[in-house]
Each structure stands twice: as C-alpha cells, then as structure tokens.
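One structure below.
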Amino acid sequence: DLKIDSTSVSEKIPFNFSDFALKADSVFLKVDERHVMKVVSIEIHEKNSALKGLKLESIYSKQEFQKHTPVEKDRYDLRIDSIAIASQDFGFQNDSVKFQSSKFLIDNVDFQIYRDKMQPKDNSVKPMYSEMLRKLPFLLKIDTLEVENTRIVYEERMKADRQPGKVVFANVNGEIFNLTNYSNKAQFPSTRVVAAADFMNEASLQLNWSFKVNNLSDWFNISGSMSSLSAKNMNGFLKPAMNVKAEGEITNMDFDFSGNRNKTTGGVNIAYKDFKIEVLKKDGTEKSGFLTTVANIFVKHNGESGRNVNEGLEITRDKTKSFWNYLWSCIKKGALKTFV
C-alpha cells in the first residue's frame with residue numbers, strides 16, 4: 001500500500017504506507033577498530049521487532065588487544081540470545097529523528113569485559129550516563145527496558161606476573177524505567193534502574209539508581225544492599241589487584257549516595273564477622289608476617305564481629321574514570337572508614 005502524492009513528497013518521509021516488514025540474517029557490522037558485531041537474524045515490523053543471536057566481540061585476543069590501543073581500553077565479549085522490541089514507533093519530531101518503544105526485553109546475556117591496567121591511562125573526561133543520553137543525536141524514549149538471565153564478568157590485569165582480578169555478577173535481572181532524553185510533559189521523568197544480582201556468585205545484591213537526563217549537573221541517587229560475602233570470594237579480586245588476602249566475612253552492607261558529576265555524599269553501613277587482613281609477599285603466594293602485623297594494627301575491631309555506620313561521607317569524582325569507578329570510590333571510602 002505504498003502511496004506517493006503531492007502532499008507526501010513534502011514530508012521528511014516522502015511516501016505513505018500501511019505496513020512493512022524487513023528480514024535479514026548473518027548481519028555483520030564493524031563497530032570500531034577492535035570490535036565487530038554479528039547478528040544471526042533481525043526481523044522488523046511496523047510495531048514490533050526482534051533480534052536473535054547478537055554478538056559483540058573483539059577481533060583480537062586479550063594479549064593481542066593491547067597492541068592495538070595506545071591507552072587503557074575495555075575489551076568486550078557480549079553475547080545476547082534475543083532482544084524483543086514492543087510497540088515501537090519512529091519518525092521525526094521537528095528536525096530530529098525519533099524512536100520510541102513501550103518495552104525492550106533483553107534475554108540471556110553473557111558479558112565479559114577485560115582491561116589491562118598496565119597500559120597508559122586514558123585521561124579524557126568520561127561523561128555521566130545522563131549526559132550521554134542528553135547528547136544523543138536522536139530522540140529516544142523507552143518506557144521499560146528489561147534485562148533477564150544475565151551474567152557480567154569484569155577482569156582487570158594489574159601486574160604482568162599475576163592473574164587478572166575478577167568481579168562477577170551472576171543472575172542479573174533488572175528493569176530501567178523512562179529511558180528517555182525528551183518529554184512532552186511539563187515534568188521531565190526520572191530515569192530509574194532497579195536490579196538484582198548474585199555478587200561473586202554468592203552475595204545477594206540489590207540496586208536502586210535514579211537520575212534525570214535533563215539535569216545539567218547530572219544529579220543522581222544510588223542505593224543498595226548486599227548480603228553475606230565470604231573472604232574466599234573477595235580474594236578473587238583482592239589478591240591479584242591489591243596483593244592482600246582477607247579472612248572472615250561481610251555479613252551485610254547497605255549504601256546510599258546522592259550527588260552530581262563533581263561530588264557525592266552519603267553513607268555505608270557494614271556488618272562483619274572475624275575480619276582480618278593478610279599482606280602478601282611480592283609474588284602473591286605467601287603471607288608477609290611483618291607487614292600483616294603492621295596492617296592489622298590499623299584494622300579496627302581486628303578478629304571481632306560488629307557493625308559500623310559511616311555517614312556524611314564526601315567523595316570528589318575523578319572525571320577521567322567511569323561512573324562505576326565513581327560508585328566504587330564511594331563504597332571503598334565507607335569500607336576503609338569501617339576497617340582502617
């Protein structure tokens with residue numbers, strides 16, 4: 001039902017239609033100099049679309065990857081079984097391309113991220129997510145984006161003679177509401193993220209995060225809680241990254257921070273049991289008795305159980321690092337005030 005007339009030709013889309021369908025398979029796209037994207041199949045209709053078998057992967061191995069970037073860069077390996085898009089609409093609003101959808105469902109994801117910290121640092125300013133959405137070259141409005149059955153693994157190589165430190169988020173399920181950079185309402189909606197995961201395959205982690213895309217200071221609030229985490233699982237990152245080994249467990253942690261692109265304030269509440277620190281020798285295989293003794297002199301409540309509430313923390317953001325580093329800096333400062 002394609003129709004072109006004197007009225008339609010003056011429009012940005014110069015024809016009218018009642019419906020359309022597009023099907024493709026074996027799609028290949030070069031994303032950048034180091035990554036490519038492949039999609040097994042794409043099916044697009046006027047109101048609904050589906051992608052199956054999406055892969056974003058590096059063309060280089062972890063070792064070879066570093067030879068093709070002059071600074072620290074993340075190496076991605078992302079695999080998604082399916083993406084379903086419901087009630088979509090696209091067109092123009094004034095001079096801007098517009099895309100909107102009532103719901104994105106992203107199912108069964110495995111996301112592996114690797115970074116070599118021995119590379120020169122990338123000192124460029126990293127924008128907040130609200131700024132990135134605000135500066136998209138098109139208008140975007142997704143009412144709900146749902147992620148199910150996801151696993152995220154982040155590896156960080158700190159030293160040439162060590163295995164990378166590893167952080168794992170398993171069984172990630174979450175929703176993002178009001179993922180948008182425009183609004184026809186008087187009150188611009190807050191973008192809100194609600195997610196749950198098993199941190200290090202063990203501790204139940206809950207996250208609540210909100211921000212406003214139209215807020216030019218990039219205001220946000222983020223809070224969460226984590227259940228019991230054993231030292232054994234903490235050491236998967238602590239030993240290779242910081243050359244220390246922990247004993248005992250964190251039995252509960254809550255955090256709540258609010259801030260903007262420059263500074264944030266908030267608090268961390270940690271309950272722990274029999275918590276100790278061992279400083280390892282340079283090879284990372286044995287305990288350094290002297291340094292461990294010195295370190296534990298400065299560890300509060302050594303070998304005890306307890307709870308410590310740290311409120312009124314203030315953290316200045318390093319703008320050359322990501323939002324997730326910003327959040328980690330907040331939690332780390334609360335943890336250090338608890339134990340040191």
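The values are calculated or read from the model by the stated rules, or taken from the named source; none is laboratory data. Please read these numbers as outputs of a predicted model, since none were measured by experiment. Don't worry about glycine lacking a Cβ; one is built from the backbone with ideal geometry, like all the others, and counts go over all protein chains shown. Only protein heavy atoms, including side chains, enter the accessible area calculation; ligands, DNA and RNA are left aside. Shrake-Rupley method; radii C 1.70, N 1.55, O 1.52, S 1.80 Å.
Quick rundown of the values:
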item: The stretch 201-213, residues that are part of a loop (DSSP other than H, G, I, E, B) and surrounded by fewer than 16 Cβ atoms within 10 Å (Cβ to Cβ); result: Asn201
item: Any hit, the stretch 220-238, residues being buried (at least 16 other Cβ atoms within 10 Å of the Cβ) and touching a helix residue (DSSP H, G or I) at 6+ places or on another chain (Cβ under 6 Å); result: no
item: Identity of the residue in the stretch 24-67, in contact with a Gly (Cβ under 8 Å, 6 or more places away or on another chain) and closer than 18 Å to Ile85 by Cβ, that ends up most open to solvent (accessible area, probe 1.4 Å); result: Val40
item: Qualifying position, being in contact with a Ser or Thr (Cβ under 7 Å, 6 or more places away or on another chain), of a type in the set (S, T, N, Q) and within 25 Å of Asp25 (Cβ to Cβ), among Ser101, Ser82; result: Ser101
item: Positions within the stretch 161-179 being open to solvent by 30 Å² or more (accessible area, probe 1.4 Å) and of a type in the set (Val, Ile, Thr), in sequence order; result: Ile176
item: Among the residues listed as Asp81, Asp95, Asp74, the single one being surrounded by 15 or more Cβ atoms within 10 Å (Cβ to Cβ) and either farther than 30 Å from Asn123 by Cα or in contact with a helix residue (DSSP H, G or I) (Cβ under 9 Å, 6 or more places away or on another chain) (or both); result: Asp81
item: Selection count where residues are of a type outside the set (Asp, Glu), without any contact (Cβ under 8 Å) to a residue 12 or more places away in the chain and out of contact with any Phe, Trp or Tyr (no Cβ under 7 Å at 6 or more places or on another chain), scope the stretch 85-113; result: 1
item: Test: Asp198 is at pLDDT 95 or above, open to solvent by less than 20 Å² (accessible area, probe 1.4 Å) and not hydroxyl-bearing (Ser, Thr, Tyr); result: no
item: Residue in the stretch 149-160 that is loosely packed, with under 15 Cβ neighbours inside 10 Å, within 18 Å of the chain's Cα centre (by Cα) and not hydrophobic (A, V, I, L, M, F, W, C) present; result: yes
item: Neighbours by Cβ (under 8 Å, 6+ apart or cross-chain): first from the stretch 191-204, touching a residue at least 60 places away in the same chain (Cβ under 8 Å) and over 10 Å from Asn233 (Cβ atoms); second in a strand (DSSP E or B) and small (Gly, Ala, Ser); result: Thr191/Ser210
item: Within the stretch 15-37, considering residues that are in a strand (DSSP E or B) and under 22 Å from the mean Cα position of the chain (by Cα), the one nearest to Asp1 (Cα to Cα); result: Met37
item: Residue among Ser223, Ser217 that is under 18 Å from Ser329 (Cα atoms), hydroxyl-bearing (Ser, Thr, Tyr) and modelled with pLDDT of 95 or more; result: Ser223
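Rundown of residues vs (1) farther than 30 Å from Leu216 by Cβ; (2) out of contact with any Cys (no Cβ under 6 Å at 6 or more places or on another chain); (3) part of a strand (DSSP E or B), yes/no style:
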site: Pro120; (1), (2), (3): yes, yes, no
site: Pro127; (1), (2), (3): no, yes, no
site: Ser130; (1), (2), (3): no, yes, no
site: Pro137; (1), (2), (3): no, yes, no
site: Ile142; (1), (2), (3): no, yes, yes
site: Val147; (1), (2), (3): no, yes, yes
site: Thr150; (1), (2), (3): yes, yes, yes
site: Glu155; (1), (2), (3): yes, yes, yes
